[in-house]
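Structure, as structure tokens:
The values are calculated or read from the model by the stated rules, or taken from the named source; none is laboratory data. Computed from a predicted model, the values in this text were never measured in an experiment. Here the Cβ positions follow ideal geometry from the backbone for every residue, glycine too, while neighbour counts run over all protein chains shown.
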Amino acid sequence: MVAFGQRLKTIAESNPRFTSYYLDYKSLKNALNLISDATEDAHTENLPDCNPACLTALESEGSAELADAEERFMLAIEGEFAKVGVLVCVHVCQREKILRERVCAYV
């Protein structure tokens, strides 16, 4: 079975007119993986006994990495949503034009 991301990429490549509108699934998946990795790094319960100051520094660093990963994901997904929004607007405009032409043909 072909993975979803590969299937989406294949569909995008087979429709060149719409290629720029397809979601960059791989990029979004990578951004989510960064969040997952940062979340795992932020959890320190598996660390051996440490100095509390050291533990606080590690937690702070992990939190900063997590916040950065989340910010990157939000920027990526907002960009992907914008592409979909443009596609919807283009499609609606095309349909409105066709509808107007048909209405004018009957008038």
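Of Ala57, Ala76, Ala69, which residue is under 28 Å from Lys26 (Cα atoms), surrounded by 12 or more Cβ atoms within 10 Å (Cβ to Cβ) and at pLDDT below 90?
Ala69
Being surrounded by 12 or more Cβ atoms within 10 Å (Cβ to Cβ), of a type outside the set (A, V, I, L, M) and either farther than 27 Å from Arg17 by Cβ or modelled with pLDDT of 90 or more (or both) is not true of Glu96. Within segment 5-17, residues that are within 16 Å of Lys29 (Cβ to Cβ) reach partners that are not aromatic (Phe, Trp, Tyr) with beta carbons closer than 6 Å, at six or more positions or on different chains, in the pairs Gly5/Lys26; Ala12/Thr19.
Restricting segment 1-37 to residues that are over 19 Å from Lys83 (Cα atoms) and in a loop (DSSP other than H, G, I, E, B) leaves a set whose member that is modelled with the highest pLDDT is Ala3.
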